[in-house]
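Engineer: Here it is: the structure, laid out below.
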Amino acid sequence: MSAAAAATDIARLLDIVQDAQHRLTQLEATAKGLVDELASAGAAAMPRLRELLAAADRLVAAVQAAGSELAPRLPAGSALPAAPNHAAVEAVWARQLQPEREPTVVPIPVARPAASLQDLAASLAALPACRLQLLRGRTPAQQSGEATAVLLRCGRAFAAVVHLQRPGGMEPLRVGVLSAAEADAALSDGSGGDSSSSSLLCAGGRSLWAPSQHAVFQQLSAHATGALEHFLQQAQRAQQAQQGQAAASPLELLLLWLATCGDLISRPSGSAGGGLLLADTVATGGGAVLPLRRPYQLGWEQLWTAALNPHLRRAEPTAEAGD
């Protein structure tokens, strides 16, 4: 081969290498774009994902063509990576394009509202991630008729304490929401001594009725108080109307509503920017507030269904979020 031909061949090979390097740079940028699109889940990202994968496929083909040109000049044993497995890629697309299955709706485990506190405790055991504890003061009640308060734990989200109008009754007197840690501290302080209802209020150590130190639970306590008043007024109207069928007790409706609030802190929503908590600049010392709340103007069956099925729960903006 003459010197001129060799120089031409070298120049051509350098052009191939330079073009391959440019294609690899484009491939890297395409891969980064693909990662960004994968981070934004949803059907809206599908067209863009297909576009990026097609561009990456073309770039890989171009780099492989360059490799074929360079192969005779490369040292023995040098090889480019294998091409993408098209069958595997198509299988992934096939799975993604399958219609989404409708979530299973958990049925209500009881046919009618609870007639007693004992029946209510038994039926609420079906609620996911929730546990109801009957209290006499701040100690566990041995019998439902002795209970002066109930404590509903909703996972690690919060604990709601409801003071009853009379021992073993189904009418709530007041409600407060604490963090799980605050409830544990209050109960441990009341592990001994007087177990009457007054120990809820004035026992030494942290009271179950002391306001939470967290703005978000203070806000949820206010929402729960509004729900309690609504259910009491609803029960009074039903009693005045002398309805033939047994109406759900205010206590059962309140506890079911509280159960629907168990994921307000942990489950992002599509509204309010998808956020969970908003900064609270009004509360002393700052804090955070919920941008959403669960509606409580619902019937017994609706509340049961929402409590059992998180995907069916609705939410509405809070007044704090709208300010």
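Laboratory data are not the source of any read-out in this text; all were calculated from the coordinates shown. Predicted, not measured: the structure shown is a model, and the values here were computed from it. All Cβ positions, glycine included, derive from the backbone under ideal geometry; neighbour counts span all protein chains shown.
Engineer: For the pair Ala61 and Thr25, how long in nm is the line joining their label points, each one 7 Å along Cα→Cβ?
Structural biologist: Each label point is offset 7 Å from its Cα along the Cβ direction, giving 2.3 nm.
Engineer: Quick one: length gained pulling Ala129 to Asn309 fully straight, 0.36 nm per residue minus the C-alpha distance?
Structural biologist: So the extension gain works out to 63.6 nm.
Engineer: Take Glu229, project a point 7 Å from its Cα along the Cβ direction, then tell me which residues of region 305-319 have their backbone nitrogen under 18 Å from it.
Structural biologist: Of the residues in region 305-319, 318-319 have backbone N under 18 Å from the label point off Glu229.
Engineer: Next question, about the same structure. At a 10 Å Cβ-Cβ cut-off, how would you order Cys130, Cys154, fewest neighbours first?
Structural biologist: Final ranking by Cβ density, sparse to dense: Cys130, Cys154.
Engineer: Per residue of region 310-317, in order, report the coupling 6.51 cos²θ - 1.76 cosθ + 1.60 (Karplus, θ = phi - 60°) as ³J(HN,Hα) in whole Hz, putting x for Gly and Pro.
Structural biologist: Computed from phi, the couplings for region 310-317 are x, 6, 9, 6, 9, 9, 9, x Hz.
Engineer: Can you give the net charge of the other residues whose Cβ lies under 12 Å from the Cβ of Arg112, counting K and R as +1 and D and E as -1? Don't skip to the answer; put the middle values down first.
Structural biologist: Numbers: positive: none; negative: Asp119, Glu252, Glu301.
Net of charged neighbours comes to -3.
Engineer: Can you tell me the FRET efficiency between Ala241 and Arg112 if r is taken as the Cβ-Cβ distance and R0 is 22 Å, rounded to the nearest 0.05? Please report the intermediate quantities before stating the final value.
Structural biologist: Working: r = 18 Å, r/R0 = 0.83.
Efficiency, rounded to the nearest 0.05: 0.75.
Engineer: Let's test the formula: R0 of 41 Å, r as the Cβ-Cβ distance of Asp15 and Arg101. What FRET efficiency results, to the nearest 0.05? Could you put the intermediate results ahead of the total?
Structural biologist: Values: r = 53 Å, r/R0 = 1.30.
So, using R0 = 41 Å, E works out to roughly 0.15.
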